[in-house]
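Just so it is clear, none of the values below were taken in a lab; they were calculated from the coordinates. Computed from a prediction, not measured in an experiment: that's the story for all the values here. When we count neighbours, we look across all protein chains shown, and the Cβ atoms used for this are built from the backbone with ideal geometry, even at glycine.
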Amino acid sequence: MEPWEAPVRLLPLPLPPIHGEVFGWYLHRLAAANNVTAGQLAKTLTPFKNAQVGKRTDTLWRWTPTVLPRLAILTGLTPETLRMLLPAIARVEARTTGEVVRYRRHLYIACSHCMHRRGITGPVLAHRPADFQLCRRHGIWVDGNRHYRVGHLPELVTAEHRHRRIARRFPDTMEAATKEAQHLVRSWLLNKKQPHLLSRWNDRLAQLPPKEAIYGNIIRRRVDEREYIATYPEFVTLLGILADPAWRALREPGRRTNLSQHRRTIDAVYTEAEHRLNVPTLREKLRSHAFSNDPLFRWTDSLGRSLMLVTTPDDHDALRDESHQN
C-alpha cells in the first residue's frame, strides 16, 4: 500500500494555517511541529513522485484533489476552512473542474506580533490582497522585508481604508490602475518636478530612518520600501481616479474627437487630481515641452496626441481660455 492510500489520523500538533499562507511554507511548519519532514507529509496527502517540497512550493501541479480530505483529517480542520485559508488548495480543485482561479502574486511576511499572539515564532510567508499594506493592529508596514513601524503616520491607515474601498468598487480595473498609479507617483518622486508633493514625501521619509532588512532572504525588493510608504497616500488618491472607468474612458478619445475637446479632457484630469491631492497645481511648467512628458499628461492620452497640445504658446492660451469659458 502506498503512503497516500494508507489511512491517516489527526496529528499530535495540528497547527492551522494563517490566511493566504503559501502551501509549502505551511507544510514545513506543520512537519517541524510534529517531528517529520515535509516530504513525508506530502507522500501521505497525494500521489507525489518527488519527496522534496520547498517552502515556496505553491502551484502543486502534480497534486490531486485527494489532498483536501486527507489534510482535513491530519489537521482536524474542515475542508471549507482549508480551502479558504490555503489558495493552493483552491487551484488544485480548479484544475480538475476547469474553473479559473486567479493566482495572487503579492507575497508578504505576516506581522510578527500577530504571529506571536498565535504562538508562531518564525516568519510566515503568505499571499496578500493588493490592497493590504499594513497591520493596523500593530502599525507595521508588511509590504516589504523591513517591516517599518508606521503607526505615527495616521494618513497611511486612512489611505489603506480608502484603498480597500477602491478595490471593492473597481475590481476589474484595479490591476492595471495599480501599475499606472505606482509608475506615476514614483516618476514624480524621482524627477522632483512636483514640489508640493515632494515636500510631503520628504517629510515622511525623514520619519522613516533606513534600517537593515529583517526578511531579506525571503522577500527581495529592488526599490527601497520607504519610497512606497512615503508616497502611499498619494498613490491611493490617484488610484481612485485611474481605476474609475469613467475617467479611464476619457483618456483615449475617439479619432474624431476634436483637439479642443481633448484639451478640455486633459485639463479636467489635472483639475480633478489637484483637487483630490489638495495641491495648488500639478502644472508647474505648463508652457514647456517638459509638461508633455509629465506621467499624468501621458496617462491621459496614451495614443500620443498629447504632443500636439504643447507645440506653441497659442495652444496654451487656447487651453486656458477654453477652461475659463467652461
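For trypsin sites (Lys or Arg not before Pro), the sites in region 196-244 that DSSP calls loop and that have at most 16 other Cβ atoms within 10 Å are Lys211, Arg220, Arg221, Arg222.
Neighbours of Trp188 by Cβ distance under 9 Å: Lys/Arg scored +1, Asp/Glu scored -1, total +1. Computed extension length for Arg56-His116: 19.4 nm, one decimal, from 0.36 nm per residue of separation with the Cα-Cα distance subtracted. Modelling each spin label as a point 7 Å along the Cα-to-Cβ direction, I'd like the His19/His196 distance in nm, to one decimal. In this crude label model, His19 to His196 measures out at 3.7 nm. If R0 equals 35 Å, the separation of the Cβ atoms of Ala249 and Thr66 corresponds to a calculated FRET efficiency of about 0.15.
Please work out the Kirkwood hydrodynamic radius for region 107-245, using every pair of different C-alpha atoms, and report it in angstroms with one decimal place.
Result for region 107-245 stands at 15.7 Å.
Were the residues from Asp172 through Ala94 laid out at 0.36 nm apart, the gain over their Cα-Cα distance would be 26.0 nm. Taking a straight Cα-Cα cut-off under 25 Å and skipping sequence neighbours fewer than 8 places away in the same chain, the lysines within cross-link reach of Lys55 are Lys43.
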